[in-house]
Structures are given as structure tokens and as C-alpha cells.
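FYI, it's all coordinate maths here, none of it is from the lab. Every value quoted in this text rests on a predicted model; they were computed, and no experiment measured them.
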Amino acid sequence: MGKSRSLPTAAPCSMATQIFRMRYKHPHLKLTLRRNTAVWQGSWCPSDLSDTYLIRVTYAYRRRPVIAVLNPALKLAKGKNKLPHTYMDGQFDICVHEPDDWSSRLLIADTIMPWVSQWLKFYECWQQTGSWEGGGTHPESRSHRAIDLNQQETGNSEKHKELLEQDAEASMGSGGR
């Protein structure tokens with residue numbers, strides 16, 4: 001879904017850098033700090049034609065940010081029984097990027113937050129049409145689950161590519177997704 005437009009830095013961004021950039025770009029989001037975790041919460045409107053959502057972004061240092069849509073309750077598209085592109089917690093952990101698209105070397109404000117807007121716009125279309133136009137792989141796929149942030153940062157992307165190929169072959173064998 002999202003593709004990084006920021007150039008990665010040599011080292012992971014410090015928590016202070018993440019906080020500063022979020023405060024600069026999104027001052028309306030309320031920050032709460034808990035040990036090595038930053039939590040931003042507030043209203044988010046992905047476009048002028050979109051609904052307004054209450055979101056929470058939880059970032060434990062060097063881990064994948066967890067994005068929750070707290071309000072309103074997200075509605076399913078007609079004939080669907082599950083929200084697309086979410087982890088096990090559904091709307092409380094939406095999937096806004098492929099595993100290789102984000103690392104702690106990138107700024108949340110410049111990557112994750114625009115991807116949240118994209119995800120919400122794709123959700124609004126999906127809710128009306130039943131068709132997800134955002135692309136990407138589903139978090140349930142083996143390739144998506146197999147790589148976590150620690151594996152990604154140690155350069156274990158060959159295993160990820162192998163699993164992507166296996167998922168593609170399995171998808172072809174079962175008539176696609």
C-alpha cells in the first residue's frame with residue numbers, strides 16, 4: 001500500500017526525532033509517553049470528502065507502529081465478514097504498509113501518517129463497493145507475517161522474497177485472492 005518517500009537515515013531515528021517531527025507536522029495529535037513508547041491520539045480526516053476518525057498511533061521504539069481507529073466503529077461492506085488489511089485486532093490494528101516499506105530509520109510523520117490517510121480513503125471506498133483498491137498483501141499471508149521489524153533491519157529480506165513467491169504460487173493455485 002504505502003511506499004516510502006523519505007530517504008532512510010544511517011541509523012534508526014531516535015524517539016526524540018520521531019516525537020519532534022510528529023509534533024511539527026501533526027500538532028493536533030495529543031502525545032502520551034510511556035517508557036520507550038509514544039502514543040499519539042486525536043482526530044484524523046484523510047480528505048475533505050472523508051469522515052473524521054479518532055485514531056491512535058502507538059510506537060514502541062524500533063517496532064512497527066500500531067494504528068488504531070478508535071471511533072467510529074468501522075462498518076463492513078455488504079457481503080463481507082471481515083475488515084480488509086487489518087491485523088488480528090481489526091480496526092484497532094490496521095495494516096498500512098508492506099513489511100519492507102517501513103523501518104525505524106523512517107519518520108512516522110512522513111510515512112505512516114500519509115499511509116493512514118490512504119488506508120482510510122481505501123476503506124471508505126471498500127465500505128461502499130466491497131472492492132479493496134489499495135493493493136498490498138493481507139496481513140494473514142505467510143510472507144507478511146514472516147518478517148518483523150527486527151528481521152527487516154538485520155537484512156533478512158531474501159527469506160521474505162522467497163515467502164512472497166510461495167504466496168503468489170499458492171494464490172495462483174487457488175484461483176487468486
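What to note about this one:
- In order through region 79-93: 3J(HN,Hα) via Karplus (6.51 cos²θ - 1.76 cosθ + 1.60), integer Hz, x for Gly, Pro: x, 9, 10, 7, 5, x, 6, 10, 7, 4, 8, x, 5, 8, 7
- Once the chain from R105 to H26 is taken as fully extended at 0.36 nm per residue, the excess over their C-alpha distance is 26.5 nm.
- Net lengthening on full extension, S50/T37 (0.36 nm per residue, minus Cα-Cα): 1.7 nm
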